[in-house]
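Trainee: I'd like to ask you about the structure that follows.
The values are calculated or read from the model by the stated rules, or taken from the named source; none is laboratory data. This structure is a prediction, so every number in the text was calculated from the model and none was measured. Every residue, glycine as well, gets a Cβ built from its backbone with ideal geometry; the counts of neighbours run over all protein chains shown. Heavy atoms of the whole protein, side chains included, go into the accessibility calculation; ligands, DNA and RNA do not. Shrake-Rupley method; radii C 1.70, N 1.55, O 1.52, S 1.80 Å.
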Amino acid sequence: MPTVTLTVDGQQVTVPKGTTVLEAAWKAGAFVPTLCHDPELSKPGACRICVVEIKGARNLPASCVTEAAEGMVVETASPAVVEARKTILELMLDNHPEDCLTCHQAGDCKLQDYAYFYNVKPGAFGGEKKNYEIEDDNLFIVRNMNKCILCGKCLRACEEKQGRAVIDFAYRGFKTKVATAMDKPLADSVCVSCGTCVAVCPTGALTEKAMIGQARKWEVEKVRTTCPFCGVGCNFDLNVKGGKVIGVTSNAAAPANGRDMCVKGRFGTDYIHSPKRLTKPLIKKNGEFVESSWDEALDLVASKLGEIKTKFGSDSIAALSSARCTNEDNYVMQKFMRAAIGTNNVDHCART
Amino acid sequence: MTNSFADYLNTDLFFVIGSNPTEAHPMAGAKIMSSVMSGKSKLIVADPRRIELAEKADIWLQLRPGTDIPLLNGMMHIIIKEGLHDKKFIEERTEGFEELKATVEKYTPERVSELTGVPVNLLYDAARLYATTAKAMLCYTLGITEHICGVHNVMSTANIAMLTGHLGKEGCGVNPQRGQNNVQGACDMGALPNVYPGYQAVVNPDIQAKFEKAWGVKLDNKLGLTIPDMMDGAVEGKVKAMYILGEDPVLTDPDANHIKKALTKMDFVVAQEIFMSETAKYADVILPGASFAEKDGTFSSSERRVQRVRKAIEPLGDSRPDWWITCEIAKRMGYKMDFESPRQIWDEMASLSPIFAGINYDRIEHTGLQWPCPTVDHPGTPILHTQSFSRGKGLFKAIEHIPPAEMPDEEYPYLLSTGRILYHYNITTRFSSALDAHRPEEAAMLHPADAATLGVCTGDKVRVTSRRGSVVTKVNVTDKVMSGMIWMSFHYRETPTNELTVNAFDPISKTGEYKVAAVQLEKVV
Ligand code: SF4
Ligand code: SF4
Ligand code: SF4
C-alpha cells in the first residue's frame, strides 16, 4: 500500500495514501476536536472545529476533509488554530441553553468537553437564542432542538446507516433546524425509532426518553452484551446504576451492528424490570399457583419426573428447550434430558 | 447463513424472498435499505405483501402465498433457456444439473405466471437481473420455511444460487436470517431430537460412545420426538410429562387449541419462565428463570457468531439462571451436573463438539467467533462453502410445486398469513412498557376491496374464523396486502392468531405452515 509521510506538531508520521490529515494527526497522538466528523459517515467538513494549520496553505483547512500529502507540515494547536476553534465554540454556545446542570448528556457531551478544554464561556456575542419547544411526542426519543449544533450527524446516520432519511436540514440561516418532512412531529413521521440518530448526536439535542433523570453519565456502569430479541445478534451496552438496568447505549465495537440497532434492542429491554416478572417458584395447588421455596419446588419436580420415568419409561417425558435462552442453558437442558432422563425427546422452536 | 452481515455491504444485488427484514431482522434490513438507497446495490423482492423493501425494490414479484417453488423454478427455466447459468460452477462444484433442468423445463413463464400471479415480463426481468449480476445475495426467512414444503422451498433457493454460481464468495450467498436471538445456538447445542451438540447424530454409535464416556451414563440411540410429535403424543396419552424452558407454544405454535389440549392432558408440566406466559398457566410448577441481563453465557447469531451475554445485575427476587435450575433438578434425580459457571459449561460442550472446539470465552471476549472453528488458532468462518459444500459437491434437487395444505374455499374464502412486526418480538416485548405502549394491539392487514365487501374501516373489528378456532381483531385497511388475504402477527395474547393456523407441518423439518390458512371473516358490531 502506498504511504505518505508528514509532520504533525514536529513529529513525523507515516500513513496510507488517502488518509485524512485528521486521522494522521490522531495517529501522531495530537488532540484535534471534531463535531460533525464521524468515521462511519460521509464527511461534510461543515463544523470546522477540526481546523489545523498547514504550511503553505492560505487559510486553515478542515482536517477531516483534507488528504494527507507527502512532506506536509501540520500544526494542530497553533495560536491561530486555537483562536479559530474558540470562535466556533463561542458562536455555538452563544445560542445554546446554559443548562448543563440538568442536561442528561452532561459528562458525555462534546460541546461541553471542548468548551471546558478551550475555556470558552457562553454569552460572548449576546445574540439571539433559539426557542423551540422540546419535542417528546415520540415514545422513545426526546428532541431538544435548542441544543442542536447542526452537525448533521443524525441525518447522515439515518440515511447512511438505516437507509431512511427521515430527517434533514430545514429552513435557512438562524432558523436552520433538523426536522422531518414538513417539520411534523417524529411520531407522525416515517421514523422507526431505531435511535441511531441519538447514538451519534454529540450533544444533548437527542436523548433516550426513558433514561432522562435516571443517572448522570459518570454513574453508569456499562456492561457489553448481546441483544435478546432477533437473530441479527446486535451487541450493545446495558447501562446499569444501583443494581438496575436503566437503559441501553450502543457500542461502536459491536461486530454485526456497530452503533446501529433497532427499536427493540435499544428501547425494549425495560421488560427486565417489569413488575410482572416471576420472582418466586410457584406450585399449583387446587388450581391456584402458590409461592414456594426452591427446595420444595425442585424436590417436587425431581420426584414427579422420577416417578413418571419409572412408571412409563424415559420416552414418556419430553422437553422444549429455548431459542431465547443462552447456549449454556440449552446445553444443560439437552444433557439433562439425554443423561438424566434418558431420552432424546428434546426440541425447541427452531422453526419460528 | 452462508455469509456475515458485514458481507451484506459487498453485494450488488439482494434477492429477498419470503422475508421482511426491516421488521423481523431490522439491522439486516437497515443494511439492505442503506445499500439500496445509496445506489450500491439493486433489489428484487418476492413477497405477497408490499412490504417496506418492496417499495424500494427494482423488481417486486407479488407472488401468491405458497408459490415460491414455481416462482424459483420459473426463474431457473428462463436462466437456463437464455444460457445465463454459470456453467463452470455447475461443472466443478455441483451434481444433478440434468435432473434439475428436466424439471424446470416444465415451468414455462406462462405456466408460472398462472400459478404465482406474477406477470411474465417481471419473471424475465428478475431472472436476468439475478443471473447476470456478479455479486448477488439471496436472503430468506420464515416466508420460505413456514410451509408444508418448507424444506423444498429452501432447496429451491439453493438451486437457483448454485445455478448462477452465487455461493461461497464475498457478496454472494444464501442467507436465511434466523428468527429468534438464539435459535441458531439452541440448534448448535443439540436441543434437537436427532443430534447432540455440534450436529453430531444420536444414531451414530461412535458419537454415542463418545458422549456416554463423557457423561458417564448409557444413552439412547433412537431419535427423539419433535415438538409436533410431542404434542400429538401428549394428546394420545403417550407423553406424560413436559419440561418447558422459555417457550410459549400456546401463543406461538400453530393450532393453539391442539397445544392446549396436549398441555391439559399430561400428568405433569413444568414451565421455566420469566413471565406468566399463556403456556405457563397450564403448568403444575413454574420455576422463575433469570433474564439475559442477570446471567453469563453466550448466544449464537444468525451469522453463526458466538457472542457473550454478560451478567449486568443480580437475578431479580428469587429467580435463578436457567442452567442452575436444570442442574439442581438433575442432582435431585441422582444425576450429578455440577457446573459452577457458564464458562465451565461451554468448555465441556466445546470439548465434545469439533465445530466449536476452538471457541472459548477468552477468545470471544471482544468480537465473538463464527463457527466452524475447530482449533484455538482457527480464525472462525465468516463465509461457508468457499471451497466445497458440506457433502463435497453441491447437489441440485429437482423440485415440483407443492400447494399449501389448506387453501381458501367457499366456506373459508380468505387466505390468512402470519408474521412478525417491528415493534414486538414474539411475546417478551409485550412486557416492555415502552414497546407495548407503542403497539398495544393487533392490527390485521386487510385489502380495501375486501374491507368494502365486509363493510369495515381501519380500527373496526372483524371476527376471523378457521376450521380450528376463532379470534377477534382490529383491522388496518391497506393495499399492502393483496385482496383475498388477511395478514396478522402472533404477538398478542388478546388476539391469539395461532388458534387459527393450520396443524400441518413440513414432513422433514416439522415446521408449521404459519403462512397459509383458510379463514372466514365477518364484521363485529
Ligand atoms: S430514530 Fe432512526 S429512523 Fe428515526 S430519525 Fe432517528 S435514525 Fe432516523
Ligand atoms: S440533533 Fe444532534 S446530531 Fe443532529 S444535527 Fe443536531 S447536534 Fe448534530
Ligand atoms: S437490536 Fe434489533 S436488529 Fe439488533 S439484534 Fe436486537 S432485535 Fe435484532
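Trainee: Within the stretch B:313-335, how many residues are touching a helix residue (DSSP H, G or I) at 6+ places or on another chain (Cβ under 7 Å), of a type outside the set (Val, Ile, Thr) and within 21 Å of B:GLU212 (Cβ to Cβ)?
Mentor: So the answer is 4.
Trainee: Take B:GLY224 and tell me if it is part of a loop (DSSP other than H, G, I, E, B), at the interface with chain A (Cβ under 8 Å from one of its Cβ atoms) and not acidic (Asp, Glu). Spell out the reasoning first.
Mentor: On the way: part of a loop (DSSP other than H, G, I, E, B): yes; at the interface with chain A (Cβ under 8 Å from one of its Cβ atoms): yes; not acidic (Asp, Glu): yes.
Spelling it out, B:GLY224 is indeed part of a loop (DSSP other than H, G, I, E, B), at the interface with chain A (Cβ under 8 Å from one of its Cβ atoms) and not acidic (Asp, Glu).
Trainee: Moving on. From B:VAL525, B:VAL516, which residue is more than 23 Å from B:ARG50 (Cα to Cα) and out of contact with any helix residue (DSSP H, G or I) (no Cβ under 7 Å at 6 or more places or on another chain)? I'd like the intermediate steps shown before the answer.
Mentor: Values: B:VAL516 fails: more than 23 Å from B:ARG50 (Cα to Cα).
Among B:VAL525, B:VAL516, only B:VAL525 is more than 23 Å from B:ARG50 (Cα to Cα) and out of contact with any helix residue (DSSP H, G or I) (no Cβ under 7 Å at 6 or more places or on another chain).
Trainee: Find all pairs meeting these conditions: Cβ atoms under 7 angstrom apart; at least six residues apart or on different chains; first residue within the stretch A:129-146 and closer than 17 Å to A:HIS104 by Cα and β-branched (Val, Ile, Thr); second residue open to solvent by less than 20 Å² (accessible area, probe 1.4 Å) and within 11 Å of ligand 1 (Cβ to nearest atom).
Mentor: Short answer, once both residue conditions are applied: A:ILE141/A:LEU186; A:ILE141/A:SER193; A:ILE141/A:GLY195; A:ILE141/A:VAL198; A:ILE141/A:LEU206; A:ILE141/A:GLU208.
Trainee: Looking only at the stretch B:171-192, filter to residues that are more than 18 Å from A:CYS325 (Cβ to Cβ) and open to solvent by 10 Å² or more (accessible area, probe 1.4 Å); which one of those is nearest to the other protein chains (Cβ to nearest Cβ)? Write out each step before concluding.
Mentor: From the stretch B:171-192, those more than 18 Å from A:CYS325 (Cβ to Cβ) are B:171-177; that's our starting set.
Within this subset, residues satisfying the condition of being open to solvent by 10 Å² or more (accessible area, probe 1.4 Å) are B:174, B:176.
Details: B:VAL174: 15, B:PRO176: 9 Å.
Per the criteria, the residue is B:PRO176.
Trainee: So which of A:LEU22, A:LEU89, A:LEU35, A:LEU93 ends up being of a type in the set (A, V, I, L, M, F, W, C), within 15 Å of ligand 2 (Cβ to nearest atom) and either part of a strand (DSSP E or B) or more than 19 Å from A:LEU206 (Cβ to Cβ) (or both)? Spell out how you get there, then give the answer.
Mentor: Values: A:LEU22 fails: within 15 Å of ligand 2 (Cβ to nearest atom); A:LEU35 fails: either part of a strand (DSSP E or B) or more than 19 Å from A:LEU206 (Cβ to Cβ) (or both); A:LEU93 fails: either part of a strand (DSSP E or B) or more than 19 Å from A:LEU206 (Cβ to Cβ) (or both).
Going through A:LEU22, A:LEU89, A:LEU35, A:LEU93 in turn, just one is of a type in the set (A, V, I, L, M, F, W, C), within 15 Å of ligand 2 (Cβ to nearest atom) and either part of a strand (DSSP E or B) or more than 19 Å from A:LEU206 (Cβ to Cβ) (or both): A:LEU89.
Trainee: For the stretch A:159-177, what are the residues that are open to solvent by 40 Å² or more (accessible area, probe 1.4 Å) and more than 16 Å from ligand 3 (Cβ to nearest atom)?
Mentor: A:GLU159, A:GLU160, A:ALA165, A:ASP168, A:PHE169, A:TYR171, A:ARG172, A:GLY173, A:PHE174, A:LYS175
Trainee: For the subset of the stretch B:450-462 comprising residues that are open to solvent by 50 Å² or more (accessible area, probe 1.4 Å) and hydrophobic (A, V, I, L, M, F, W, C), which member is nearest to the other protein chains (Cβ to nearest Cβ)?
Mentor: B:CYS457
Trainee: So, one more: Would you mind finding the one in B:GLY233, B:GLY237, B:GLY198 that is facing chain A (nearest Cβ under 9 Å) and surrounded by fewer than 23 Cβ atoms within 10 Å (Cβ to Cβ)?
Mentor: B:GLY233
Trainee: Next question. Suppose we keep only residues that are more than 15 Å from A:SER250 (Cβ to Cβ) and of a type in the set (Ser, Thr, Tyr) within the stretch A:189-221. Which one would you say is nearest to ligand 1 (Cβ to nearest atom)?
Mentor: A:SER189
Trainee: Residues that are open to solvent by less than 30 Å² (accessible area, probe 1.4 Å) and at pLDDT below 90: does the stretch B:160-170 have at least one? Lay out the reasoning, then the answer.
Mentor: First pass over the stretch B:160-170, keeping only residues open to solvent by less than 30 Å² (accessible area, probe 1.4 Å): B:160-168.
Remaining after also requiring at pLDDT below 90: B:167-168.
Looking for residues that are open to solvent by less than 30 Å² (accessible area, probe 1.4 Å) and at pLDDT below 90, one finds at least one in the stretch B:160-170, hence yes.
Trainee: For the subset of the stretch A:263-277 comprising residues that are open to solvent by less than 20 Å² (accessible area, probe 1.4 Å) and in contact (Cβ under 8 Å) with a residue 40 or more places away in the chain, which member is nearest to ligand 2 (Cβ to nearest atom)?
Mentor: Step one: of the stretch A:263-277, the residues open to solvent by less than 20 Å² (accessible area, probe 1.4 Å) are A:263-266, A:268-269, A:271-272, A:274, A:277.
Now drop any that are not in contact (Cβ under 8 Å) with a residue 40 or more places away in the chain, which leaves A:263, A:266, A:269.
On the way: A:VAL263: 18, A:ARG266: 16, A:THR269: 24 Å.
Applying the filter and picking the extreme gives A:ARG266.
Trainee: Hey, which of the strands (runs of 3 or more DSSP E) in the stretch B:1-77, taking only ones fully inside, have at least 3 residues that are open to solvent by less than 10 Å² (accessible area, probe 1.4 Å) and either over 21 Å from B:ILE148 (Cβ atoms) or in contact with a helix residue (DSSP H, G or I) (Cβ under 8 Å, 6 or more places away or on another chain) (or both)? Steps first, answer last, please.
Mentor: Values: elements: B:13-17, B:42-46, B:59-61.
Correct list: B:13-17, B:42-46.
Trainee: Can you name the number of the only condition in (1) modelled with pLDDT under 95; (2) crowded, with 20+ Cβ neighbours inside 10 Å that B:ILE325 fails?
Mentor: (1)
Trainee: Filter the stretch B:282-302 for residues that are of a type in the set (Ser, Thr, Tyr) and open to solvent by 10 Å² or more (accessible area, probe 1.4 Å) and give the result. Walk me through how you get there before you give the answer.
Mentor: First, the residues of the stretch B:282-302 that are of a type in the set (Ser, Thr, Tyr): B:282, B:291, B:298, B:300-302.
Listed by number, the list holds a single entry, B:TYR282.
Trainee: Mind checking which residues of the stretch B:467-515 are open to solvent by less than 10 Å² (accessible area, probe 1.4 Å) and among the charged types (D, E, K, R)?
Mentor: B:ASP506, B:GLU513
Trainee: Is it the case that A:THR249 is within 16 Å of ligand 2 (Cβ to nearest atom), surrounded by 19 or more Cβ atoms within 10 Å (Cβ to Cβ) and β-branched (Val, Ile, Thr)?
Mentor: On the way: within 16 Å of ligand 2 (Cβ to nearest atom): yes; surrounded by 19 or more Cβ atoms within 10 Å (Cβ to Cβ): yes; β-branched (Val, Ile, Thr): yes.
Yes; evaluated as a whole, the condition is true for this residue.
Trainee: Looking only at strands (runs of 3 or more DSSP E) that fall completely inside the stretch B:440-506, which ones have 1 or more residues that are touching a helix residue (DSSP H, G or I) at 6+ places or on another chain (Cβ under 9 Å) and small (Gly, Ala, Ser)?
Mentor: Working: elements: B:443-446, B:461-465, B:470-477, B:485-489.
Result: B:443-446, B:470-477, B:485-489.
Trainee: B:ASP377 - would you say it is open to solvent by 80 Å² or more (accessible area, probe 1.4 Å), out of contact with any helix residue (DSSP H, G or I) (no Cβ under 8 Å at 6 or more places or on another chain) and not small (Gly, Ala, Ser)? Outline the logic, then answer.
Mentor: On the way: open to solvent by 80 Å² or more (accessible area, probe 1.4 Å): yes; out of contact with any helix residue (DSSP H, G or I) (no Cβ under 8 Å at 6 or more places or on another chain): yes; not small (Gly, Ala, Ser): yes.
In short, yes.
Trainee: Here's another thing I want to ask about it. Can you name the residue in the stretch A:222-248 that is over 21 Å from B:GLU23 (Cα atoms) and more than 8 Å from every other protein chain (Cβ to nearest Cβ) and, of all such residues, is farthest from ligand 1 (Cβ to nearest atom)?
Mentor: Residues of the stretch A:222-248 over 21 Å from B:GLU23 (Cα atoms): A:222-225, A:237-247.
Going one step further and asking which of them are more than 8 Å from every other protein chain (Cβ to nearest Cβ), we end up with A:222, A:237, A:239, A:241-242, A:246-247.
Numbers: A:LYS222: 21, A:ASP237: 18, A:ASN239: 18, A:LYS241: 24, A:GLY242: 28, A:ILE246: 19, A:GLY247: 15 Å.
Residue satisfying both the conditions and the ranking: A:GLY242.
Trainee: Within the stretch B:79-178, which helices (runs of 4 or more DSSP H) (wholly inside it) include 1 or more residues that are free of Cβ contacts under 8 Å to residues at least 12 places away in the same chain? Show your work before the answer.
Mentor: Working: elements: B:87-93, B:97-105, B:109-116, B:120-132, B:142-145, B:150-163.
So the answer is B:87-93, B:97-105, B:109-116, B:120-132.
Trainee: Quick check on this structure: which one of B:VAL306, B:VAL270 is in a strand (DSSP E or B) and either closer than 21 Å to A:LYS285 by Cβ or free of Cβ contacts under 8 Å to residues at least 24 places away in the same chain (or both)? Walk me through how you get there before you give the answer.
Mentor: Details: B:VAL306 fails: either closer than 21 Å to A:LYS285 by Cβ or free of Cβ contacts under 8 Å to residues at least 24 places away in the same chain (or both).
Unique residue meeting the criteria: B:VAL270.
Trainee: Follow-up question, since we're still on this one. Looking only at residues that are within 14 Å of another protein chain (Cβ to nearest Cβ) and either farther than 30 Å from B:THR22 by Cα or more than 18 Å from the chain's Cα centre (by Cα) (or both) in the stretch A:104-158, which one is surrounded by the most Cβ atoms within 10 Å (Cβ to Cβ)? I'd like the intermediate steps shown before the answer.
Mentor: Quick first cut of the stretch A:104-158, residues within 14 Å of another protein chain (Cβ to nearest Cβ) only: A:136-142, A:155-158.
Retained after the next criterion (residues that are either farther than 30 Å from B:THR22 by Cα or more than 18 Å from the chain's Cα centre (by Cα) (or both)): A:136-137.
Values: A:ASP136: 17, A:ASP137: 13.
Selected residue: A:ASP136.
Trainee: Turning to a different aspect of this structure: Can you find even one residue in the stretch B:129-141 that is small (Gly, Ala, Ser), buried (at least 24 other Cβ atoms within 10 Å of the Cβ) and over 21 Å from B:GLU98 (Cα atoms)?
Mentor: yes
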